[in-house]
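This report refers to the structure that appears directly beneath it.
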Amino acid sequence: MEMLKLLPKILDAEKLARKHSIIEGSLLLSSLNEVSQYKNSKDATVTGSFKFYRDKNKRVFIDGVINTELQLTCQRCMQPVLYPIASKFTLACIDNQEQEEQLSEQHESVLLNNGKLAVFDMLQEEILLAMPIVAYHDVKDCTGITNYSCKDKSGNSDRCSQKTSNSKNPFAILKHLKCD
Ligand SMILES: [Zn+2]
């Protein structure tokens, strides 16, 4: 596999959009202050691909994809769990807050500074947005699961399999706890 080059801290979004450029690269998670605590090793990276373009109103847009793996804490056993993050997003670039108010609500926006994009801030923001509210191991990998009774009041153990199928939904467990 080709080595991805390092993403720069700043990109000239206006210029890249004029040329319909695609920027790809990677970055150490440790260089992103707010998410560096979630790295699972010191050389853990985030990779990204960003397409710059302008819409018919000449507004600059970015279509981005980021991929990384974060080490979060499983809320069942309180042990580390590796969580893949794969996020796709479209950002409308704005130069000031006034423009943000003019934007239709379906667009997430990013503030440029004289046409320049703060790449690290954008990555950090998108990783935080893509992070789950709570993380769990798969049921089969979680040591905390033995603390839960798999039997309901009638001694039926069907709920174990139910829990497995719900494990993708972070709220399933919370709901389960509440109902008990
Ligand atoms: Zn666990």
Report task. Would you tally the residues in the stretch 96-121 being without any contact (Cβ under 8 Å) to a residue 60 or more places away in the chain and either exposed (fewer than 15 other Cβ atoms within 10 Å of the Cβ) or touching a strand residue (DSSP E or B) at 6+ places or on another chain (Cβ under 7 Å) (or both)? Result -> 17
Report summary line: Checked the stretch 71-99 for anything of a type in the set (A, V, I, L, M) and closer than 25 Å to Ile22 by Cα; matches are Ile85, Ala86, Leu91, Ala92, Ile94
Report task. Have a look at Lys58, Lys51 and point out the one that is of a type in the set (D, E, K, R), within 30 Å of Lys15 (Cβ to Cβ) and surrounded by 15 or more Cβ atoms within 10 Å (Cβ to Cβ). Result -> Lys51
**Report entry** Residue check for Asp63: farther than 20 Å from Ala130 by Cβ, in contact with a Ser or Thr (Cβ under 9 Å, 6 or more places away or on another chain) and of a type in the set (D, E, K, R)
**Finding:** no
Query - Criterion: away from the ligand (no atom under 16 Å from the Cβ) and closer than 17 Å to Leu4 by Cα - qualifying residue of Ser49, Ser41 - result: Ser49
Query - For Asn114: the one exception among (1) modelled with pLDDT of 95 or more; (2) at positive phi - result: (1)
Report summary line: In the set Leu82, Leu70, the lone residue that is in contact (Cβ under 8 Å) with a residue 24 or more places away in the chain, within 16 Å of the ligand (Cβ to nearest atom) and surrounded by 15 or more Cβ atoms within 10 Å (Cβ to Cβ) is Leu70
Query raised in the report: Given the conditions (1) farther than 30 Å from Asp138 by Cα; (2) basic (Lys, Arg); (3) within 18 Å of the chain's Cα centre (by Cα), which single one is not true for Lys116?
Result: (3)
**Report entry** Qualifying position, being of a type outside the set (Gly, Ala, Ser), in contact with a helix residue (DSSP H, G or I) (Cβ under 6 Å, 6 or more places away or on another chain) and more than 16 Å from the ligand (Cβ to nearest atom), among Leu112, Leu103
**Finding:** Leu112
**Report entry** Out of Lys5, Lys19, Lys15, sole residue that is over 21 Å from Leu128 (Cβ atoms) and outside the structural domain of Gln79 (by TED's automatic domain parsing)
**Finding:** Lys5
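The values are calculated or read from the model by the stated rules, or taken from the named source; none is laboratory data. Because the structure is a prediction, the values reported are computed rather than measured. In this analysis, Cβ positions are derived from the backbone assuming ideal geometry, glycine residues included, and neighbour counts consider all displayed protein chains.
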